[in-house]
Amino acid sequence: MTTSLNDFKNNFLGGGTRQNRFRILGGFPSGGDTVNNSNTNNLISEFHVRSTLIPTLQTSTIAYDHFGRKLYYPGEKLYSTWSASILDDTGSGDLWVSFQRWHNYINNHVTNNTNYINGANYKVNWTIQHLDLNGEVQKTFYLNGLWPRTINEISFNSSRPNVLNTFNVVFVYDTVAIAGITDNVNN
(Lines give C-alpha, C1' and ligand atoms only; values in the text may rest on other atoms or scores of the structure.)
Protein backbone atom coordinates (compact mmCIF):
# COMPACT_ATOMS: atom_id res chain seq x y z
CA MET A 1 0.00 0.00 0.00
CA THR A 2 1.26 3.46 -0.90
CA THR A 3 1.51 5.71 2.13
CA SER A 4 3.56 8.60 0.76
CA LEU A 5 4.52 10.32 -2.45
CA ASN A 6 7.99 8.79 -2.24
CA ASP A 7 6.46 5.29 -1.94
CA PHE A 8 4.39 5.96 -5.06
CA LYS A 9 7.43 7.22 -6.99
CA ASN A 10 9.55 4.27 -5.92
CA ASN A 11 6.85 1.78 -6.93
CA PHE A 12 6.21 3.53 -10.25
CA LEU A 13 9.41 2.41 -11.95
CA GLY A 14 10.88 4.79 -14.50
CA GLY A 15 8.44 7.59 -13.72
CA GLY A 16 5.96 6.76 -16.48
CA THR A 17 5.68 8.32 -19.90
CA ARG A 18 4.53 11.83 -20.75
CA GLN A 19 2.19 13.02 -23.50
CA ASN A 20 4.45 15.89 -24.50
CA ARG A 21 7.55 13.75 -25.18
CA PHE A 22 7.44 12.67 -28.81
CA ARG A 23 8.85 13.46 -32.21
CA ILE A 24 7.81 12.84 -35.79
CA LEU A 25 10.44 11.95 -38.38
CA GLY A 26 9.73 11.92 -42.08
CA GLY A 27 10.28 13.44 -45.47
CA PHE A 28 8.37 14.48 -48.53
CA PRO A 29 8.25 12.49 -51.78
CA SER A 30 10.55 13.39 -54.63
CA GLY A 31 9.60 13.49 -58.25
CA GLY A 32 9.01 16.78 -59.96
CA ASP A 33 9.22 20.49 -59.47
CA THR A 34 5.82 20.59 -57.78
CA VAL A 35 7.14 18.86 -54.67
CA ASN A 36 10.82 19.83 -54.54
CA ASN A 37 11.78 21.94 -51.58
CA SER A 38 15.47 22.16 -50.78
CA ASN A 39 14.88 22.07 -47.02
CA THR A 40 12.43 19.17 -46.82
CA ASN A 41 12.55 17.16 -50.04
CA ASN A 42 13.21 13.50 -49.26
CA LEU A 43 15.04 14.27 -46.02
CA ILE A 44 14.35 12.53 -42.77
CA SER A 45 13.73 15.51 -40.57
CA GLU A 46 12.03 16.23 -37.29
CA PHE A 47 8.71 18.02 -37.59
CA HIS A 48 7.39 20.73 -35.33
CA VAL A 49 4.24 18.90 -34.37
CA ARG A 50 2.13 20.34 -31.58
CA SER A 51 -0.04 17.29 -30.97
CA THR A 52 -0.92 13.93 -32.45
CA LEU A 53 -2.25 10.52 -31.45
CA ILE A 54 -1.04 7.04 -32.18
CA PRO A 55 -3.62 5.80 -34.69
CA THR A 56 -6.18 3.24 -33.63
CA LEU A 57 -5.38 -0.30 -34.70
CA GLN A 58 -8.36 -2.59 -35.03
CA THR A 59 -9.21 -6.05 -36.33
CA SER A 60 -12.63 -6.53 -37.84
CA THR A 61 -14.82 -9.36 -36.63
CA ILE A 62 -16.42 -12.01 -38.81
CA ALA A 63 -19.50 -13.65 -37.31
CA TYR A 64 -20.74 -17.11 -38.28
CA ASP A 65 -24.02 -18.71 -37.26
CA HIS A 66 -23.42 -22.09 -35.68
CA PHE A 67 -26.29 -24.06 -34.06
CA GLY A 68 -28.13 -20.98 -32.87
CA ARG A 69 -25.03 -19.20 -31.65
CA LYS A 70 -22.63 -16.72 -33.15
CA LEU A 71 -19.00 -17.71 -33.52
CA TYR A 72 -16.58 -14.84 -33.96
CA TYR A 73 -13.32 -14.91 -35.88
CA PRO A 74 -10.75 -12.20 -36.54
CA GLY A 75 -11.07 -10.55 -39.91
CA GLU A 76 -9.08 -7.86 -41.70
CA LYS A 77 -6.77 -5.38 -40.02
CA LEU A 78 -8.32 -1.89 -40.08
CA TYR A 79 -6.24 1.27 -39.87
CA SER A 80 -7.84 4.57 -38.97
CA THR A 81 -6.60 7.85 -40.37
CA TRP A 82 -3.80 9.64 -38.54
CA SER A 83 -3.81 13.36 -37.91
CA ALA A 84 -1.20 15.76 -36.61
CA SER A 85 -1.39 19.40 -35.56
CA ILE A 86 1.69 20.98 -37.15
CA LEU A 87 3.21 24.34 -36.23
CA ASP A 88 3.17 26.77 -39.14
CA ASP A 89 6.93 27.21 -38.97
CA THR A 90 8.18 29.11 -42.00
CA GLY A 91 11.77 28.94 -40.78
CA SER A 92 12.22 25.19 -41.37
CA GLY A 93 11.27 25.09 -45.03
CA ASP A 94 7.65 26.24 -44.69
CA LEU A 95 5.88 23.00 -43.89
CA TRP A 96 2.45 24.30 -44.94
CA VAL A 97 3.78 25.03 -48.43
CA SER A 98 5.49 21.62 -48.55
CA PHE A 99 2.24 19.86 -47.67
CA GLN A 100 0.36 21.90 -50.28
CA ARG A 101 2.97 20.97 -52.91
CA TRP A 102 2.65 17.31 -51.95
CA HIS A 103 -1.14 17.50 -52.19
CA ASN A 104 -0.90 19.31 -55.53
CA TYR A 105 1.50 16.62 -56.76
CA ILE A 106 -1.09 13.94 -56.00
CA ASN A 107 -3.86 15.88 -57.78
CA ASN A 108 -3.07 19.23 -59.38
CA HIS A 109 -5.36 22.07 -58.25
CA VAL A 110 -5.62 23.62 -61.72
CA THR A 111 -5.34 20.79 -64.25
CA ASN A 112 -6.85 18.01 -62.11
CA ASN A 113 -4.00 15.77 -63.28
CA THR A 114 -1.66 13.65 -61.18
CA ASN A 115 2.12 13.51 -61.38
CA TYR A 116 2.66 10.11 -59.79
CA ILE A 117 1.48 7.92 -62.68
CA ASN A 118 4.86 8.00 -64.44
CA GLY A 119 6.54 5.84 -61.78
CA ALA A 120 7.07 8.54 -59.17
CA ASN A 121 5.78 7.65 -55.73
CA TYR A 122 3.53 9.93 -53.69
CA LYS A 123 3.76 7.76 -50.55
CA VAL A 124 6.46 7.96 -47.88
CA ASN A 125 7.27 6.25 -44.58
CA TRP A 126 7.21 8.28 -41.38
CA THR A 127 8.17 7.46 -37.81
CA ILE A 128 6.55 8.45 -34.51
CA GLN A 129 8.84 8.14 -31.50
CA HIS A 130 7.60 8.28 -27.91
CA LEU A 131 10.37 9.63 -25.65
CA ASP A 132 11.14 9.40 -21.95
CA LEU A 133 12.10 12.33 -19.71
CA ASN A 134 15.71 12.15 -20.94
CA GLY A 135 14.78 12.09 -24.62
CA GLU A 136 15.46 8.37 -25.04
CA VAL A 137 13.11 6.49 -27.39
CA GLN A 138 10.58 4.31 -25.52
CA LYS A 139 8.31 3.25 -28.38
CA THR A 140 8.66 3.56 -32.15
CA PHE A 141 5.79 3.40 -34.64
CA TYR A 142 6.37 3.26 -38.40
CA LEU A 143 3.58 4.49 -40.68
CA ASN A 144 4.31 2.98 -44.09
CA GLY A 145 2.82 4.23 -47.35
CA LEU A 146 1.70 7.53 -45.83
CA TRP A 147 0.20 10.48 -47.75
CA PRO A 148 -1.88 13.54 -46.79
CA ARG A 149 -5.60 13.14 -47.39
CA THR A 150 -6.65 16.48 -45.91
CA ILE A 151 -4.76 19.67 -45.16
CA ASN A 152 -6.98 21.69 -42.87
CA GLU A 153 -7.29 25.44 -42.63
CA ILE A 154 -4.94 27.87 -40.95
CA SER A 155 -6.82 30.16 -38.60
CA PHE A 156 -6.11 33.91 -38.45
CA ASN A 157 -7.23 35.85 -35.38
CA SER A 158 -5.90 39.32 -34.56
CA SER A 159 -7.20 39.10 -30.97
CA ARG A 160 -4.64 36.36 -30.15
CA PRO A 161 -1.25 37.99 -30.80
CA ASN A 162 0.89 35.58 -28.75
CA VAL A 163 -0.36 32.26 -30.15
CA LEU A 164 1.56 30.23 -32.70
CA ASN A 165 -0.41 29.17 -35.75
CA THR A 166 -1.00 25.49 -36.37
CA PHE A 167 -2.71 23.52 -39.09
CA ASN A 168 -3.95 19.93 -39.02
CA VAL A 169 -3.11 17.33 -41.62
CA VAL A 170 -5.05 14.07 -41.89
CA PHE A 171 -3.02 11.20 -43.32
CA VAL A 172 -3.85 7.75 -44.64
CA TYR A 173 -1.28 4.96 -44.72
CA ASP A 174 -0.95 1.36 -45.80
CA THR A 175 0.45 -0.33 -42.70
CA VAL A 176 1.73 0.28 -39.18
CA ALA A 177 4.79 -1.42 -37.75
CA ILE A 178 5.78 -1.22 -34.10
CA ALA A 179 9.44 -1.70 -33.18
CA GLY A 180 9.95 -4.75 -30.96
CA ILE A 181 6.43 -6.08 -31.63
CA THR A 182 5.84 -6.24 -35.37
CA ASP A 183 7.83 -8.56 -37.65
CA ASN A 184 9.52 -7.07 -40.70
CA VAL A 185 9.57 -3.47 -39.51
CA ASN A 186 10.09 -1.14 -42.47
CA ASN A 187 11.18 2.42 -41.99
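The values are calculated or read from the model by the stated rules, or taken from the named source; none is laboratory data. Fair warning: this is a prediction, and the values are worked out from it, not measured in the lab. As a convention, Cβ positions derive from the backbone with ideal geometry for all residues, glycine included, and neighbour counts pool all protein chains shown.
Answer yes or no as to whether I154 is in a loop (DSSP other than H, G, I, E, B) and modelled with pLDDT of 85 or more.
When the stated conditions are applied, I154 passes them.
Does any residue in the stretch 61-79 that is closer than 28 Å to V176 by Cα and modelled with pLDDT under 90 come within less than 9 Å, Cβ to Cβ, of a residue that is surrounded by 10 or more Cβ atoms within 10 Å (Cβ to Cβ) and among the charged types (D, E, K, R) six or more places away or on a different chain, and which pairs are these?
If the second residue must be surrounded by 10 or more Cβ atoms within 10 Å (Cβ to Cβ) and among the charged types (D, E, K, R), the pairs left are Y79/D174.
Restricting attention to the stretch 138-151, report how many residues are among the polar types (S, T, N, Q) and at pLDDT below 90.
1
If we scan the stretch 10-20, do we find a residue that is modelled with pLDDT of 70 or more and of a type outside the set (S, T, N, Q)?
So far as the stretch 10-20 goes, yes, one or more of its residues are modelled with pLDDT of 70 or more and of a type outside the set (S, T, N, Q).
How many of the residues making up the stretch 115-129 are farther than 14 Å from W82 by Cβ and modelled with pLDDT of 85 or more?
2
For the stretch 157-170, which positions are surrounded by fewer than 17 Cβ atoms within 10 Å (Cβ to Cβ) and either in a loop (DSSP other than H, G, I, E, B) or hydrophobic (A, V, I, L, M, F, W, C) (or both)?
Passing the criteria: N157, S158, S159, R160, P161, N162, V163, L164, N165, V170.
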